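Please see the structure below; I have some questions.
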Amino acid sequence: MKKREKAGRLKKRMLIRRGAIVLTIIIATIMAMQSNGYSQNKKMTLKEKEDAWRAERLKKRASAQRMEFVNDSIQHAQAIVAIRDGSWALEASNITFNNGATNFVTPSTNYVSINNGTGTIQTAFDNTNVYSPNGLGGITLTGNISGEELKVDSEGNIYYNYIIQGSNVSATVNIVITANSNQATATINPNFSNRSMMMSGYIYPYNTAGVIEGSPDY
């Protein structure tokens, strides 16, 4: 009986010892794997991190450019539809006169538009110290539209021309919309003088434009 108990205790000790050895081996293996992984990460950080960062940056930039191209194309299409519907506004960020002088202006108060059959040309130079007919530092001219022409060249640029005729305005307006965008310029040529000017900015459907109209037809 005692021999059997003694044999059992020895067997139990051997099992515990084997378990401890196995556990030690497992722990050592895990530590080695972690150490190896750390070493690999360290090597990647030193040798490949910059390349990986550049690749990710280029990927994000390409994605942003694709989104910008899609957005510009949508706005280009919306501008064409707005012109065909006769309801649009070209909000100008700068105005260039025939003597070469350029004024940077507020888009919401400097624009060319057509809406409900009426054409408008407005300037506002934000000088509240000087009297202006429209109360905004410039003039607001309105009139009827005639002689409309719409053309597209092989590169996708839009050419839109018309005549505006009112009590205080008689001019030809030539608009160019850049391909795949709503960026546009409007050259205004008065029919009875050489005081032309060019308004550069972006063209939008009239109901989404943020134009503010002053007192018209001084």
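Yes or no, residue by residue, for (1) open to solvent by 20 Å² or more (accessible area, probe 1.4 Å); (2) within 23 Å of T208 (Cβ to Cβ):
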{"site": "N99", "(1), (2)": "yes, no"}
{"site": "T106", "(1), (2)": "yes, yes"}
{"site": "N110", "(1), (2)": "no, yes"}
{"site": "N161", "(1), (2)": "yes, no"}
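Please list, ordered by first then second residue, the pairs with beta carbon atoms under 9 Å, 6 or more apart or interchain, first in region 79-98 and closer than 20 Å to A179 by Cβ, second of a type in the set (D, E).
What qualifies is I83/E148.
State the number of residues belonging to region 156-178 that are modelled with pLDDT of 90 or more, over 15 Å from T118 (Cα atoms) and outside any strand (DSSP E or B).
Residues flagged as modelled with pLDDT of 90 or more, over 15 Å from T118 (Cα atoms) and outside any strand (DSSP E or B) within region 156-178 amount to 2.
From the list S181, S200, pick out the single residue that is of a type in the set (S, T, N, Q), in a strand (DSSP E or B) and either at pLDDT 95 or above or crowded, with 18+ Cβ neighbours inside 10 Å (or both).
Matching residue, one of S181, S200: S200.
Something else about it: Given the conditions (1) touching a Phe, Trp or Tyr at 6+ places or on another chain (Cβ under 6 Å); (2) over 18 Å from D85 (Cα atoms); (3) among the acidic types (D, E), report the number of the one that E148 does not fulfil.
All conditions pass for E148, except number (2).
Same structure, new question: Can you name the condition, by its number, that N189 falls short on among (1) closer than 17 Å to G119 by Cβ; (2) part of a strand (DSSP E or B); (3) touching a residue at least 60 places away in the same chain (Cβ under 8 Å)?
Status for N189: all satisfied but (3).
Also: What number of residues within region 148-189 satisfy the criterion of being farther than 17 Å from W88 by Cβ and more than 25 Å from the chain's Cα centre (by Cα)?
9
Per-residue answers, yes or no, for (1) in contact with a strand residue (DSSP E or B) (Cβ under 6 Å, 6 or more places away or on another chain); (2) acidic (D, E); (3) open to solvent by less than 20 Å² (accessible area, probe 1.4 Å); (4) touching a residue at least 60 places away in the same chain (Cβ under 8 Å):
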| position | (1), (2), (3), (4) |
| --- | --- |
| Q122 | yes, no, yes, yes |
| G137 | no, no, yes, no |
| N144 | yes, no, no, no |
| G166 | yes, no, no, no |
| V169 | yes, no, yes, no |
| T172 | yes, no, no, no |
| Y206 | yes, no, no, yes |
| G210 | no, no, no, yes |
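Of the residues I121, I114, which single one is over 15 Å from S87 (Cβ atoms), aliphatic (A, V, I, L, M) and assigned to a strand (DSSP E or B)?
Answer to the check: I121.
The values are calculated or read from the model by the stated rules, or taken from the named source; none is laboratory data. Just so you know, these numbers come straight off a predicted model, no measurement behind them. Methodologically, a virtual Cβ is constructed for each residue, glycine included, from the backbone with ideal geometry; neighbour enumeration extends over all protein chains shown. Calculation scope for accessible area: heavy atoms of the full protein, side chains included, ligands and nucleic acids excluded. Shrake-Rupley method; radii C 1.70, N 1.55, O 1.52, S 1.80 Å.
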